[in-house]
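A.B. asks: Just dropping this structure here.
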Amino acid sequence: MKLKLKSLLILILTLQFSDSTIFAQEFGIQLYSLRNQFKTNIEESLKTIADWGINTIEGGDTYGMEEVKFRALLSKYELNPVSIGASYEELRDSPEKVAQKALRYGARFVMCSWIPHNGNRFDIKNTKAAVKVFNESGAVLKREGIILAYHAHGYEFRPYEYGTLFDYMAQNAKNFSLEMDVFWITHGGEDPIALLEKYPDFVVMLHLKDMEKGLKGNDSGGADVETNVVLGQGQIDIEGIVKKAHQQGVRYMFIEDESSRVLDQVPKSLSFLKSISLN
């Protein structure tokens, strides 16, 4: 009898902690979403995020406040900065300083969101230079236990040889990964789910941002911020992407809403995300 009870208990535990629940999915927010609110009141903006029930954030900018005071406010409102941003120039010229900043924040990731280029001209020369910078700076970060992630904006999906410039980046990435912004991947003409399937080990974080229905994208890396809509109400398959990324072990997914309606839209986006079954 005791043996049967023990076997039953093991079965229950196995079902409860199956592959789909090995880790708790964390839906956070990219602080840039509230950039305009920070201009008015930094502490109140951080409190708003906490009041939404969010405790995982991506940031790095202090919006004019001394870093030590900003980090103190993050602690006060129990906001965990798992990722911070760094510019291409910072990574190229002083990766050690970037690593030290990440360590001060306790961040596991450093994200770079833009590769400098002239106007709308982005080619293999820019791509190869970026891969070199990311691999070299990523090695510096890796020594400190920090992962470098590049955030694509769409111009990387221009044709190159038998694929795209992005393919060249992914296939030559030794010391960096990808933070997939599903809006910009879609806007650039790619399918986020197909990209997750093609490079399952390359994607480590997501930016969740939905696109207004009817909007046609391009590979410029630019779009009207007011085309950001509530998650689940646009043309992007947010639910499918979240499920696929979760299956592949992507733990951190950040809402990034750049629209002027951010305070109204984020709670609705959170409700949508919480409605997705990940079992």
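A.B. asks: Name every residue in segment 233-245 that is buried (at least 20 other Cβ atoms within 10 Å of the Cβ), outside any loop (DSSP other than H, G, I, E, B) and not small (Gly, Ala, Ser), in order of residue number.
C.D. replies: 238, 241, 242
A.B. asks: Looking only at segment 257-279, count every residue that is surrounded by 22 or more Cβ atoms within 10 Å (Cβ to Cβ) and either aromatic (Phe, Trp, Tyr) or not in a helix (DSSP H, G or I) (or both) and tell me the total.
C.D. replies: Final tally of qualifying residues: 1.
A.B. asks: Return the only residue of 133, 82, 98 being under 16 Å from the mean Cα position of the chain (by Cα) and touching a residue at least 40 places away in the same chain (Cβ under 8 Å).
C.D. replies: 82
A.B. asks: Just the residues that are in contact with a Phe, Trp or Tyr (Cβ under 6 Å, 6 or more places away or on another chain) and either crowded, with 21+ Cβ neighbours inside 10 Å or in a helix (DSSP H, G or I) (or both), please, taken from segment 246-256.
C.D. replies: 253
Values quoted throughout were computed directly from the atomic coordinates according to the rules given, and no laboratory measurement underlies them. Predicted model, so just to flag it, every value in this text is computed and none were measured. Quick reminder, even Gly has a Cβ in these numbers, built from the backbone with ideal geometry, and neighbours come from all protein chains shown.
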